[in-house]
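A short worksheet on the structure shown next.
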Amino acid sequence: MTALQPASVNTYGYIWSHTLRACLEQLAPYGYRQFEGVINPPHLDVEASARERRELKAYMQGEGLSFTSLNLPSLDTNLASPFAYTRDYTIALFQKALILAADLGAPRLVTVPGRVNPLLPCPSDRSRAILRETIGALIPLARNLGIKLAIENVPFAALPHCRDIREFLDEMSDTTLCACYDVANAHFAGESPAAGVASLNGRIELVHCSDTTRNGWRHDPVGAGNVPFELLQDALQAHGYEGPILLEIIAPDILPAILSSHDALARMNITSARQHQHAG
């Protein structure tokens, strides 16, 4: 990491309280300019009208704001489902999300690689074969739209560890695919930043930052858990990462949690310090 990147914000903490535009209007006065928009109605809907898309894009361009990515949460989707109907539904929803990303000028769509039964998971070779089929079905549209699919490490997913994602990316061998590295997810899953970032060396285009322990999976403000952020800083620097650092914080009082997390990461030289203060 040759220069510290300004922090960007994932809008997960706002999905029930604010529309995406209202969220951006709250955060922009604090100097934030890049965002990962989370697709979740009423916050941001894949069924947004053409007019709503144009108006949001025009507002962002007028304010100098942009998207690093969009993010489709996996609660209602499953790219690794053994049920063909569920896979078809999920592919169709992701295709709508890709079109939304293109309409809003977002260059990436964060992609959770399916979910598995926690009691008796599908054998990894079978779930990986399903993912080759489903993610493979998304690649032509993503390529045509110029959108990358950023495969994220998620503990309950069919590819829970960074090494699993690396192997999958090697198998697929397609430049439309990249990686989204989530340090809290990795920590909860027992994977160190050094191992995770090294596994995905050269493939990471997004980094999600929040805090958790290994006893309970959280996306808390930085400092509320025991994620070894100092090791994250070393790993990103060692591998020359220069992409977005996204604050993906979930908290009851979301704005102070984002600001305090940003300040904590800046003290650890993971992102640059806040340059703007709210003027109101």
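Each value in this text was obtained by applying a stated rule to the coordinates, not by laboratory testing. Keep in mind it's a predicted model, so treat the numbers as computed, not measured. When we count neighbours, we look across all protein chains shown, and the Cβ atoms used for this are built from the backbone with ideal geometry, even at glycine.
Results, tabulated for the structure shown:
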| item | result |
| --- | --- |
| Cβ-based charge dipole, the chain, positive-most Cα from ALA235, LEU149, ALA50 | ALA50 |
| Kirkwood hydrodynamic radius of segment 97-162, from inverse mean 1/r over distinct Cα pairs, in Å | 12.8 |
| FRET efficiency, 1/(1 + (r/R0)^6) with R0 45 Å, evaluated for THR213 and GLU55 via beta carbons | 0.60 |
| Structure-based [θ]222 nm, the chain - -39500 (n - 2.57) summed over DSSP H runs of at least 4, per residue, nearest 500 | -12500 deg cm²/dmol |
| Segment 132-150 versus segment 230-280: alpha-carbon centroid distance in Å | 30 |
| Using a Förster distance of 22 Å, the FRET efficiency for ASP234-ARG163 (Cβ separation, nearest 0.05) | 0.70 |
| Whole-percent pair-distance distribution, where bins are 10 Å wide, for the alpha carbons of segment 177-280 | 16, 49, 29, 6, 0 |
| Cα extents of the chain along the three principal axes, largest first (Å) | 54, 45, 33 |
| Förster radius 25 Å - calculated FRET efficiency between MET268 and LEU75, Cβ distance, rounded to 0.05 | 0.20 |
| Simple label model, 7 Å out from Cα along Cβ direction - ARG126 to GLU242, nm | 4.6 |
| 10 Å Cβ shell holding at most 13 others, DSSP loop, chymotrypsin sites (Phe, Trp or Tyr not before Pro): longest site-free stretch of the chain | 84-280 |
